[in-house]
Amino acid sequence: MIRQFELIQRLKSYCPDMDEELINKAYVFAMKAHGSQVRASGDPYFSHPLEVAGILVEMHLDPASIVTGLLHDTVEDTLATLEDIQKLFGDEIARLVDGVTKLSRLELQSEETKQAENFRKLVLAMSTDIRVLIVKLADRLHNMRTLYHVDDGAKRRRIARETMEIYVPLAERIGMQGVKDELEDLAFATLNPEARESILSRLRYLHETSDNQVETILFELRKVLDEHHITASISGREKTPYSIWRKMHMKNVAFEQLSDIMAFRIVCEAIPECYQILGILHNAYSVIPGKFKDYMSTPKANGYSSLHTSLIGPLNQRIEAQIRTKEMHAVAELGVAAHWQYKQGASLDGKQYAWLRGLLDILEHTSNPQEFLEHTKLEMFQDQVFCFTPKGDVIALPKGATTIDFAYALHSQIGDHTIAARVNGRQMPLRTILHNGDQVDIVTSKTQNPSPTWERFVVTGKARACIRRFTRQQQKNQFLELGKSLLHKAFSKEHIDYTEDNLKIACEIFHYTQADDLISDVGHGHRTAKEIAQSINNKLKNTTTEASLDEKIEQKFDESNATIKKQKVDTKMSIKGLIPGMALHYAGCCHPIPGDKITGLVVTGKGVTIHTVDCALMADFEEPERLLDLSWNDHLDDTSRFVARILITFVNRPGSLAHMTTMISKQGGNIANLKVTHRTPEFWDVFVDVEIKDQHHLDAIIAGLRTVPVISHVERGK
Ligand code: MN
């Protein structure tokens, strides 16, 4: 066990002006807090945080991280509280200890590591300060070093598997190769002791048959470099049993075929030297083709850079050589931690840690590495939150997601029927925004349906699409209902029966393939029930003449009408008094335009149709509770367009129609629909639906039409 004075001495060696008192205070606090607790090994519990602090000192971490290492288990495992720590050690350390504590609690939740990838992201997202993650890795490293003391085999394997799936990749991600290798091999020893033992025995056999190959090869390599007057440090080692095993697995080769059981590392000062050394080695020994890798010109994602090559070495043994600079070496071993070990010559450019670029910026702009750490936030995955189902599955959601998003992420059926949500055991409003690590329990009911108001707070596309789909269906049904009742009324006024046959006739006249579409258009107010009933009546009475020019014109306008309706700009902003989120439609019967007194007809809570107050339809209307008091906005968007109906009587002469349409377009009106309603040999009655800006615009068009000689009468139609 490392002793207090050793810890301080080692820390002082790289951080001479650190606050010795602070370390002593943390030491005493942790020792007292853990009291007589013991570990599985029988050692006093306090030995664990002390060893963790020792590991952190080896990594040359800052004093705040060392203190965090000493205190990391006090909140979770002793009577000490976060408030105590905050009072005694200040905000920064309290925040770090809190971070590590939260990660430890997370571990307890995760019996299942099936979703390792999401879980790793969760750990990263929760490590808002990268030191939290590094302390956690040191904690895990010491626990793994002492794992063999744990008697329960299942527990041992669970911890080892978690280490392999969660912490090894995290260590690799932040470039801490040394920690990664050790964690991996310790986990391997628990998870597959037989495989590890067989590899170890092969290695032992190799050692017995050829004494100290590593030393001999080292000696030979040094001689070669000396001949070329290169000063570099060379070290040799056997690869860890796990990495040998993985290579055998991945490449499906036998132990003997592995080229790189022995790896030699040559560390020099500068990059040009690295390539020089590579040339010397390639000259002196045979190169194994296809093994050369230049991670110097293209570093790995975690910042690792080095030259790798495989050779038939001095003893005719296959060896791997890794060539790199001192600085690259520090990054390879310590990853992120190397940033503050190398604080002076910190010339790590953005290329090396794409995802750490933000950190590097801060590093460049602060002289003090401690300040750098304080401002360091791990920004990866900060745009996501990770929550748990009651069973412990991790659900990844975008930041700002609510319980409804969570429910839809599980299944659209669950989302559609959500009635309540419990977050961390407490019932919360459905609009509650979720945070990392929240456990969410969704309560459903078969009778519950999505509410259109949900659309205002959900953030995921899936939730939004499901809610819309439901609302649209609901709206469609309600417009159908309304359309049916309007048609019923109009049919009975015209003394015709509301039958499928009669609807079929209407469909033929108005070019619908399905009666439902026609009924729903009436519900929307795109067509009036009256015009439909009258047309059926005319057809039944067989008073219609053959398809005339007028009908052809009508048809043409009907077609263009359909496209105009689709293009119609959103004019919701034009009206005051609307309930937000409600669908809005302008009635086709009275064509309300800005300036008119208007009222809204609520279609069973899901949509509003705007009518003029004096619309004929409204006169018959007997359900005042379905009417909304509305008015136009004072400031209308310039691009808003409304459809107004103009009734025109003109003298039946060639070119009359053309005179009329020309005048309308001269006044800037766009004809949306035109229909001949009555015809005698002398006069035609037509209505024209014109797209206009507002009432002034309409007045100008009407005034213009009145100047046309062939037009005998003009009025606005309602
Ligand atoms: Mn611990």
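One table, with the values for the structure above:
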item	result
Subset of segment 662-671 (residues that are open to solvent by 40 Å² or more (accessible area, probe 1.4 Å) and not in a strand (DSSP E or B))	Thr662, Ser665, Lys666, Gln667, Gly668
Matching residues, segment 388-424, being in a loop (DSSP other than H, G, I, E, B) and open to solvent by 60 Å² or more (accessible area, probe 1.4 Å)	Pro390, Lys391, Lys399, His411, Asn424
Subset tally (residues that are more than 17 Å from Val28 (Cα to Cα) and within 16 Å of the ligand (Cβ to nearest atom)) for segment 82-95	0
Residue pairs meeting the criteria (Cβ under 7 Å; at least 6 apart or on separate chains; first in contact (Cβ under 8 Å) with a residue 24 or more places away in the chain, in segment 268-284; second open to solvent by 40 Å² or more (accessible area, probe 1.4 Å) and part of a helix (DSSP H, G or I))	Glu269/Lys326
Lone qualifier among Glu172, Glu117, Glu107, Glu165 - being away from the ligand (no atom under 16 Å from the Cβ), modelled with pLDDT under 90, open to solvent by 10 Å² or more (accessible area, probe 1.4 Å) and under 17 Å from Phe388 (Cα atoms)	Glu117
Exclusive hit being in the same structural domain as Ile593 (by TED's automatic domain parsing) and in a strand (DSSP E or B), set Leu647, Leu628	Leu628
Members of segment 30-62 found to be open to solvent by less than 50 Å² (accessible area, probe 1.4 Å), more than 14 Å from the ligand (Cβ to nearest atom) and under 36 Å from the mean Cα position of the chain (by Cα), listed by number	Met59, Leu61, Asp62
Pairs, first assigned to a helix (DSSP H, G or I) in segment 48-63, second among the acidic types (Asp, Glu) and more than 16 Å from the ligand (Cβ to nearest atom), C-beta under 7 Å, six or more apart	Pro63/Asp19
Qualifying positions in segment 429-452 - under 21 Å from Val385 (Cβ atoms) and either in contact (Cβ under 8 Å) with a residue 40 or more places away in the chain or more than 23 Å from the chain's Cα centre (by Cα) (or both)	Leu434, His435, Asn436, Gly437, Asp438, Gln439, Val440, Asp441, Val443
Lone qualifier among Leu79, Leu71, Leu11 - being farther than 22 Å from Arg140 by Cα and either more than 16 Å from the ligand (Cβ to nearest atom) or open to solvent by less than 30 Å² (accessible area, probe 1.4 Å) (or both)	Leu79
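The values are calculated or read from the model by the stated rules, or taken from the named source; none is laboratory data. Because the structure is a prediction, the values reported are computed rather than measured. No Cβ is skipped: glycine too gets one built from the backbone with ideal geometry, and neighbour counts run over all protein chains shown. To get the accessible areas, we keep the full protein, side chains included, count just its heavy atoms, and leave off ligands, DNA and RNA. Shrake-Rupley method; radii C 1.70, N 1.55, O 1.52, S 1.80 Å.
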